[in-house]
Amino acid sequence: MTTTPHDPAASSDPGAARPGRPPVVDAAVWQAARDELLVREKAHTREGDAIAAARRRLPMVEFDGTAEVVGADGPVPFLDLFQGRDELVVYQHMWYDGTPHQGQCEGCTTTAWHLRDAVYLNARGVSFAVLTTGRWDEVAAYVAFMGYTQPWYSVRDVAAPVGGAMGHLACFLRDGDRVFLTYSTTGRGNEPVNGSLSLLDLTPYGRGETWEDKPEGWPEGRSACWSWRSDADGNPTWGPTGRPVPQWTRPGATPEETLGRDGRHHGP
């Protein structure tokens, strides 16, 4: 006589754990577990508030507000980016000279895609702009291709902290005609911009990335930061069929003639 392995999914016990699924419990047990986690979440929130309070107490460094950056209206002083407001947040977008649109930075493309509407920032007295070291003619074509709505500027020949290293979020304060850098962050410090990541962190399967701590039996992560680049079917890829993910859903998307990081022709 032979037997087949026990299949929890076929069990008559409605609370039996299924592979890759949280256990099923009654509402009271769920609420108790939820309340226990809530204690940690509240502590995390309070610590975040304390860090924000410390951030507000950081010193600042002065920057020459007359330094020229290049935007849609030509060269303008950096001071103009404030648009008359006292505060300014910028995203410093990495750039690869001479690279086709699909070859630009995946992480920066995704970050900029989540910053298409600054109306609430503006209402709170904060302006927003995207800076990059690319040549303006290349940058302008890319902005038009992507359908970005916020102002972009080339800071190619501008000194740090406005020019220099990219891939950062930075905050500036204006005092009359004087400009000061108050804060800068990079790497995962940029994640608050990407609300999609915060929502994914609330779900059972999370971001679906390989580095995440997941229960045994959960779906394997596809790769680190799989959401940065994919093919037309949404599969993560870095090959000749890949584009940064937001490029597949940009306004007025048209048939693709060149794909991949290097712009090689792909298709019939």
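No lab work stands behind these numbers, since they all come straight from the coordinates. Computed from a predicted model, the values in this text were never measured in an experiment. Please note: Cβ atoms are built from the backbone with ideal geometry, for glycine as well, and neighbour counts cover all protein chains shown.
Tell me, which residue of segment 94-104 that is touching a residue at least 60 places away in the same chain (Cβ under 8 Å) and part of a loop (DSSP other than H, G, I, E, B) is surrounded by the most Cβ atoms within 10 Å (Cβ to Cβ)?
Filtering segment 94-104 for residues that are touching a residue at least 60 places away in the same chain (Cβ under 8 Å) and part of a loop (DSSP other than H, G, I, E, B), the one surrounded by the most Cβ atoms within 10 Å (Cβ to Cβ) comes out as Gln104.
Do we find that Tyr91 is crowded, with 18+ Cβ neighbours inside 10 Å, among the hydroxyl-bearing types (Ser, Thr, Tyr) and under 25 Å from Arg243 (Cβ atoms) in this structure? When the stated conditions are applied, Tyr91 passes them. Evaluated against (1) buried (at least 18 other Cβ atoms within 10 Å of the Cβ); (2) within 15 Å of the chain's Cα centre (by Cα), Arg116 falls short on exactly one condition, (1). Give the residue that is farthest from Ala160 (Cα to Cα), with candidates limited to residues of segment 55-77 that are loosely packed, with under 14 Cβ neighbours inside 10 Å and in contact with a strand residue (DSSP E or B) (Cβ under 7 Å, 6 or more places away or on another chain). It comes out as Arg55.
Per-residue answers, yes or no, for (1) within 14 Å of Tyr183 (Cβ to Cβ); (2) more than 26 Å from the chain's Cα centre (by Cα):
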{"position": "Arg21", "(1), (2)": "no, yes"}
{"position": "Asp26", "(1), (2)": "no, yes"}
{"position": "Arg34", "(1), (2)": "no, yes"}
{"position": "Leu37", "(1), (2)": "no, yes"}
{"position": "Arg40", "(1), (2)": "no, no"}
{"position": "Asp49", "(1), (2)": "no, no"}
{"position": "Ala54", "(1), (2)": "yes, no"}
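Summed over segment 128-154, residues that are touching a residue at least 60 places away in the same chain (Cβ under 8 Å), within 17 Å of Ala67 (Cα to Cα) and under 16 Å from the mean Cα position of the chain (by Cα) total 1. Looking only at residues of segment 208-238 that are on the phi > 0 side of the Ramachandran plot and touching a residue at least 60 places away in the same chain (Cβ under 8 Å), we find that the one that is farthest from the chain's Cα centre (by Cα) is Gly217.
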